[in-house]
Amino acid sequence: MKLLRAVALSLCLLMGLGLSAAHALTANVQGVALEVDETGGFAGVCVVIAGDYPGFRVIASEAGKTPKICIDKTRENVNAIEFRNVTFVATEASDEVRTVDFEHDFIRGPRGLVYTSVRLKGFFATATGVGVPTGSQVWFTGMFNQAGHNETIGEELAQSVGQVLDSALLSGETRSQFVLSGPRTLKGELQFTLLNEGDKLVLESDSAVIIDNIERQY
């Protein structure tokens, strides 16, 4: 009897661990899978994405900060995942499209008719800061999943850098409405090109996939 109880307890613990892992924030940077940090001041809330990847490096936008993707827990009754202090720097000349994916399962939160939004804020820059990295591009898409069904939030945000300085500034937002009735998943996919070594894509913390503006609760 004691053995059976021990086995049952072990199975429950394993199932519990599996459930927790299923709801954890994850990210994938150019094929490198990353998970939430289990230690430090943002344990279980952020995925640190600093480091070197094929063709580019991820560094902090501000000295002393850490580049990461985080669940935003500062908003009341809102689900959100955002970039924080993230700068992508090309380490080689290439027109290859680079990809960053992330997702998180939210098992609690608001219910009712809500807006969801995708925001892309930041800018492109050259290694010297002179001119703009003409030809660089960025695409950002947010996804909402509920009951196993994926829906794109609004339209894909996309921008190409031209000859003028303003074309390097990012300030896009797209929205959709959904009815929240239970657990849901938010996903994001960022793709970009940096054509010359040293070119940069700097993301502001407003770059995020968000459930906001609750219209009616029940």
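The values are calculated or read from the model by the stated rules, or taken from the named source; none is laboratory data. Everything numeric in this text was worked out from a predicted model, so none of it was measured. Neighbour counts run over all protein chains shown; Cβ positions are idealised from the backbone, glycine included. Just so you know, the surface numbers come from the protein's heavy atoms only, side chains and all, with ligands and any DNA or RNA stripped out. Shrake-Rupley method; radii C 1.70, N 1.55, O 1.52, S 1.80 Å.
Please tell me if THR134 is open to solvent by less than 70 Å² (accessible area, probe 1.4 Å), in contact (Cβ under 8 Å) with a residue 24 or more places away in the chain, in a strand (DSSP E or B) and among the β-branched types (Val, Ile, Thr).
So THR134 fails the test.
Scan the stretch 192-212 residue by residue and report those that are in a strand (DSSP E or B) and open to solvent by 50 Å² or more (accessible area, probe 1.4 Å).
LYS200
State whether the residues of the stretch 88-109 include one that is out of contact with any strand residue (DSSP E or B) (no Cβ under 7 Å at 6 or more places or on another chain) and open to solvent by less than 30 Å² (accessible area, probe 1.4 Å).
Yes, the conditions are met somewhere in the stretch 88-109.
Would you confirm whether or not the stretch 114-121 contains a residue that is open to solvent by 30 Å² or more (accessible area, probe 1.4 Å), more than 22 Å from HIS23 (Cα to Cα) and at pLDDT 95 or above?
yes
Can you tell me which residue within the stretch 143-160, out of those that are in a strand (DSSP E or B) and open to solvent by 60 Å² or more (accessible area, probe 1.4 Å), is nearest to LEU120 (Cα to Cα)?
ALA158
So which residues in the stretch 177-191 are touching a Phe, Trp or Tyr at 6+ places or on another chain (Cβ under 7 Å), modelled with pLDDT under 95 and open to solvent by 20 Å² or more (accessible area, probe 1.4 Å), if there are any at all?
Scanning the stretch 177-191 gives GLN177, PHE178, PRO183.
For the stretch 139-162, which residues satisfy the criterion of being aliphatic (A, V, I, L, M) and modelled with pLDDT of 95 or more?
MET143, ILE153, LEU157, ALA158, VAL161
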